[in-house]
Amino acid sequence: MTNKDFLKLEGKKQGLSMDKIMTIFCYVALITVVILPCFMIIYYTFWDGTKIDFEMFKSVLVQKENLAAMKNTMIIAVIATAFATLVGVFFAWLLGRSDIPLKGFMKFLFSIPFMIPPFLAAMSWDMMFSGRGGYVNKLLMSVFNLANAPLNINSILGIIIIEVVYYFPFVYMQVVSALERMDPTLEESARIAGASQLYVIRKITLPLTIPAISSGMLLVLITSLSNYGIPSMVGYSKGIFTLPTMIVELMNRSGGSFTGIREAAALSIVLFIVVAIALLLQRHLLTHGRYDIIKGKSMRPMLIKLRGAKYPLLIFSLAFLTLIVIAPIVMIILVSFNRAYGLPFTRENMTFIHYINVFTKNAMVKDSVKNSLFLAFSAGTICLILGTMLAYVIYKVKPRGGTLLEMLAVLPYSLPGTVMSIGCILAWSGAFFGISLYNTIWIILVAYVARYLSYVLKSSSAALQQVHPSLEEAARSCGASHYDALKDVTLPLIKPAMLSGFFLVFLPCMRELTTSILLYGPKSRTLGVAIYQLRTNGQINQASALSVITILLIIIMNNLVKYITRDRRKY
Amino acid sequence: MNKIELKNITVRYGDHTVLENFSLNVEPGQILGIVGPSGCGKTTVVRAICGFLDPQEGTVVINGNVMYDKARRINVTPEKRHLGVVFQDYAVWPHLTVYENTAYPLKKHGMKKDELRPQVEEALRLVNMSNYANYMPSQLSGGQQQRVAIARALTSSQDLLIMDEPITNLDAKLREQMLVEIRLLQEKLGTTIIYITHDQEAAMQLCDKIVIMQPDGSIAQIGTDEEIITHPANRFVFSFVGVSNFLPVKKVDEKLYLDYDEKIFYSDAVPEDWPKGKDIADMGIRPMDIVFDDEAPVKARIVSATFFGNIYSYFIDIAGHEYRVQRITAGNEEDEKYAEGVVTGIRFLSCKYFEREAKK
């Protein structure tokens, strides 16, 4: 019997299927953006050009400056984490379990630190509390007739304070959701058995939320260890370095010399090891520290009556939140309208001139807005495509080594931004195939894609796992090719998740500093870099004006996302 | 000509062999049921037919065209096999309306929007869903979604439908109704249907022919419902198609004894289906085929008696082993006579003999 399909298909079978092409593409992409930079850091650290060399690494380890940076990093991270945890748990309990009024308003305030980049917050704190020049310091000194500034933010203590107020919402978020998901009968039965309120908190509530507390704690620890913005904004002028700022400093000092770059690479490895230990701890806790008693379903817990303590606690909370959330923003806004930094905020000192100047007189700023928009949009789009493809390959094609792909895609997210940037510089300054992206906008784009790829991967894979394989198979049996099935069924079903993935990348790119401060060139400054440089050049008013615009942009984008991704579950 | 021919299909997942040398022919214009316990490889068979998996060995021929041949490296993609498939979880696309779902196969076969309208409407009419054309699937009940899935399979192919547990997710009443509707549809269109289920009763009600698969993925028996009930090919089929008792028996000098510690004589005629060359065997018997007879040599004690309206269900004890017995309600003092604790004689009506299974 003749078989028309037979003739048509015999030769075709040799070709690559779409799944295979996508798998190979994912491997190539990840090797390029992840493996090469990581490899180059190790290569530079342990290869002196002719032989394997451990001496340089050892000498970097014992250098006085570096030791100080390590010590600072540790002190800041540990103390900031401890206090951020205390504050976070306190507010989580207050808002999750007590009958304190104005909860909605306070919850809104907690979400603000997530929107403002840390270096902007640090800049604002610097304006308020820097030695004798800070506005709040000056105010306090004149009111109380003090000879010395009450708080000098340009110190390790200052860095710790900013990190605490900036990071405690991490702990708060984790703990409050655990509290909301906890079965209220667990506490109620203890009360019925005759336990006092405090006893219940100490012996029931707290132990049950320990996994949430510790995972929030480690999140703060990791973020603090790899943070660049805060220590560089307030510590640099006083010569206080942490590992990330020290790496950048070494890189800047090197001026491109081989030894200098090698030292920066070596220090990157040190930072990476420190962060990796924290990450391993976190993974261990996430897999071993789960209690089943915390249900996925949201239940209405019994609220604890604060009685007489209610209003004092409310006033305290509002005052605290005002200081840490509202005051920095107000400060930046005020300075942006102030004729010259340091002048009192009187009516005649108010002006729009900085807003006008920043856009008309400053080519760098105009470039930076354009660059940041371009970078955020391109990185968002590339991550959207690559991340969704990765999710499809990992969860639907399931090739051999799928877990490896996933690990590779998530790795840069765990790497400190500084380390990733050093890797990018080493890999893309002509080391491979003579490709040199150094000093161009493309090297920043590559770094952004690597850093934020996992955001899209996470949102797309969560959505893909909801798409049952039979939906795609049904399309195939209805006459759709593999490509048609993807286009007609799978992609439309995960479109909302892909869109929110895009914005999850877009937003952090808009306000990024850590990566771009190492990678920018004369024509490729980003918004973050522009603000940072305006401030370093002493144009603090213009820096503030640009900050206000950045914050507005972020808030507008954020609401746009909420509007686009709002409950669109028509099916 | 056979509609579908499967020849020597072998499917392995890693070290686990699901199908080994599996062959099956499907004749045109009938409903063929593939029945077997969960995990026996029924779904693997249809996935191999549809092209959703590539067997390690074997050939798949549909309508005389080779769709898959390992040796000749032929593998026709699923979309070119021209089948209609109904999935267990319906797999109705949630982002398309009922009409769009049903029209999709025609669109993929290259029909214009206005050309395909009559066919889509006809398919929806066949499954009684004409009034729901513009609904989204989330607005429909499970049964309605199932009808959409069938309508979509029909626009894909009126010639050959594959249904993988299509009614398992529906409630009992709806199941009954869907079975009747599938039957009517088949009679109207002459479609060949392969119907996969683990529910042997539904299969017997619906199918012209039934394939019974064993847990190891091999075919135990192919036949009509009557053949399978009256002539089960082996012990597995016997126990799979209904409630069954197995009693150990022994042949001594052409006489049959129940093979307990104490041998109990019950028959002196060795039946034809006694396993050849064996002294011991297992007697398979349905609860209805064990009858109470005070004269019979085998004695049993009634452990429990439950009344179900038209039948009585008993558990009886023979030499320390429990078996199930059913009796049609007689409506007289006979019913009361066999109460719990009573010892009575029992006789075996029709029974089957199978080789003794090794004790597990």
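Of the residues making up region B:122-130, one or more are over 28 Å from residue B:4 (Cα atoms), more than 10 Å from chain A (Cβ to nearest Cβ) and surrounded by 17 or more Cβ atoms within 10 Å (Cβ to Cβ). Between B:58, B:33, the distinction of being buried (at least 24 other Cβ atoms within 10 Å of the Cβ) and more than 13 Å from every other protein chain (Cβ to nearest Cβ) belongs to B:33 only.
Against the conditions (1) in a loop (DSSP other than H, G, I, E, B); (2) more than 18 Å from residue B:249 (Cα to Cα); (3) not acidic (Asp, Glu), residue B:276 satisfies every one except (2).
When B:308, B:354, B:265 are checked against the criterion of being within 35 Å of the chain's Cα centre (by Cα), modelled with pLDDT of 85 or more and among the aromatic types (Phe, Trp, Tyr), a single residue qualifies: B:354.
Residue by residue, here is whether (1) at pLDDT 85 or above; (2) farther than 19 Å from residue B:295 by Cβ; (3) outside the structural domain of residue B:280 (by TED's automatic domain parsing) holds:
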site: B:317; (1), (2), (3): yes, yes, no
site: B:324; (1), (2), (3): yes, yes, no
site: B:327; (1), (2), (3): yes, no, no
site: B:335; (1), (2), (3): no, yes, no
site: B:338; (1), (2), (3): no, no, no
site: B:344; (1), (2), (3): yes, no, no
site: B:348; (1), (2), (3): yes, no, no
site: B:359; (1), (2), (3): no, yes, yes
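With respect to the conditions (1) crowded, with 22+ Cβ neighbours inside 10 Å; (2) in contact (Cβ under 8 Å) with a residue 40 or more places away in the chain, residue B:67 lacks only one, and its number is (2). Yes or no: residue B:82 within 22 Å of residue B:27 (Cα to Cα) and within 10 Å of another protein chain (Cβ to nearest Cβ)? Judged against the criteria, residue B:82 is a match. When restricted to residues that are farther than 27 Å from residue A:275 by Cα and in contact with a Lys or Arg (Cβ under 6 Å, 6 or more places away or on another chain), region A:382-440 contains 0. Picking from residues in region A:59-105 that are hydroxyl-bearing (Ser, Thr, Tyr) and crowded, with 21+ Cβ neighbours inside 10 Å, the one that is farthest from residue A:306 (Cα to Cα) is A:73.
Counting only helices (runs of 4 or more DSSP H) that sit wholly inside region A:434-541, those with at least 1 residues that are within 30 Å of residue B:44 (Cα to Cα) are A:441-464, A:469-477, A:482-485, A:491-510. Counting residues in region B:140-148 that are aliphatic (A, V, I, L, M), outside any strand (DSSP E or B) and surrounded by 18 or more Cβ atoms within 10 Å (Cβ to Cβ) gives one or more. From the list B:233, B:172, B:220, B:203, the lone residue that is under 10 Å from the mean Cα position of the chain (by Cα) and on the phi < 0 side of the Ramachandran plot is B:203. Only one of the listed residues (B:337, B:352) is buried (at least 16 other Cβ atoms within 10 Å of the Cβ) and of a type in the set (Lys, Arg). That residue is B:352.
Of all residues in region B:149-168, those satisfying the criterion of being part of a loop (DSSP other than H, G, I, E, B) and not small (Gly, Ala, Ser) are B:158, B:159, B:165, B:166, B:167, B:168. Elements of the type helices (runs of 4 or more DSSP H) sitting completely within region B:180-252 and holding at least 2 residues that are under 15 Å from residue B:26 (Cα atoms): there are none. Please verify whether residue A:228 is under 30 Å from residue A:518 (Cα atoms) and aromatic (Phe, Trp, Tyr), treating the condition exactly as stated. So residue A:228 passes the test.
Candidates A:200, A:143: the one that is in contact with an Asp or Glu (Cβ under 7 Å, 6 or more places away or on another chain), among the aliphatic types (A, V, I, L, M) and at negative phi is A:200.
Applying a threshold of 8 Å to beta carbon distances and a minimum spacing of six or more residues, or different chains, the list of pairs starting in region B:117-132 at a residue that is of a type in the set (Gly, Ala, Ser) and ending at one that is assigned to a helix (DSSP H, G or I) reads B:123/B:102; B:123/B:151; B:123/B:152; B:123/B:154; B:123/B:155; B:130/B:121; B:130/B:124. Of A:441, A:435, all but one fail to be more than 15 Å from the chain's Cα centre (by Cα) and modelled with pLDDT of 85 or more; the exception is A:441.
Going by the structure shown, is residue B:261 closer than 29 Å to residue B:198 by Cβ, in a loop (DSSP other than H, G, I, E, B) and of a type in the set (D, E, K, R)? Here the answer is no, as residue B:261 does not meet what is asked. When residue A:477 is tested against (1) within 14 Å of chain B (Cβ to nearest Cβ); (2) surrounded by fewer than 24 Cβ atoms within 10 Å (Cβ to Cβ); (3) hydroxyl-bearing (Ser, Thr, Tyr), exactly one condition is not met: (2).
Determine, yes or no, whether residue B:73 is within 11 Å of chain A (Cβ to nearest Cβ) and either buried (at least 24 other Cβ atoms within 10 Å of the Cβ) or charged (D, E, K, R) (or both). Judged against the criteria, residue B:73 is a match.
Kindly indicate the residue of region B:98-115 that is in a helix (DSSP H, G or I) and basic (Lys, Arg) and also nearest to the other protein chains (Cβ to nearest Cβ) among those meeting that condition.
Among residues in region B:98-115 that are in a helix (DSSP H, G or I) and basic (Lys, Arg), the one nearest to the other protein chains (Cβ to nearest Cβ) is B:108.
Taking residues in region B:226-243 that are touching a residue at least 60 places away in the same chain (Cβ under 8 Å), and partners anywhere that are part of a helix (DSSP H, G or I), the pairs with Cβ atoms closer than 8 Å and at least 6 places apart or on different chains are B:232/B:238; B:240/B:200; B:243/B:287. Looking at residue B:102, is it closer than 15 Å to residue A:478 by Cβ, surrounded by fewer than 19 Cβ atoms within 10 Å (Cβ to Cβ) and of a type in the set (Val, Ile, Thr)? Taking the combined requirement at face value, the residue does not satisfy it. Taking the listed residues B:18, B:60, the one that is at pLDDT 90 or above, in a strand (DSSP E or B) and in contact with a strand residue (DSSP E or B) (Cβ under 6 Å, 6 or more places away or on another chain) is B:60, with no other qualifying.
Mind listing whichever residues of region A:328-363 are assigned to a helix (DSSP H, G or I), over 21 Å from residue A:122 (Cβ atoms) and of a type outside the set (Gly, Ala, Ser)?
Answer for region A:328-363, where residues must be assigned to a helix (DSSP H, G or I), over 21 Å from residue A:122 (Cβ atoms) and of a type outside the set (Gly, Ala, Ser): A:347, A:348, A:349, A:353, A:355, A:356, A:357, A:359, A:360.
Set side by side, the residues A:259, A:245 differ, and just one is at pLDDT below 85 and part of a helix (DSSP H, G or I), which is A:259.
Yes or no, residue by residue, for (1) crowded, with 17+ Cβ neighbours inside 10 Å; (2) within 14 Å of chain B (Cβ to nearest Cβ); (3) touching a His at 6+ places or on another chain (Cβ under 7 Å):
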residue	(1), (2), (3)
A:417	yes, no, no
A:425	yes, no, no
A:428	yes, no, no
A:452	yes, no, no
A:457	yes, no, no
A:467	yes, yes, no
A:471	yes, yes, no
A:483	no, yes, no
A:502	yes, no, no
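The values are calculated or read from the model by the stated rules, or taken from the named source; none is laboratory data. If you're wondering where the values come from, they're calculated on a predicted model, not measured in any experiment. Positions of Cβ are backbone-derived with ideal geometry, glycine not excepted, and every protein chain shown enters the neighbour counts.
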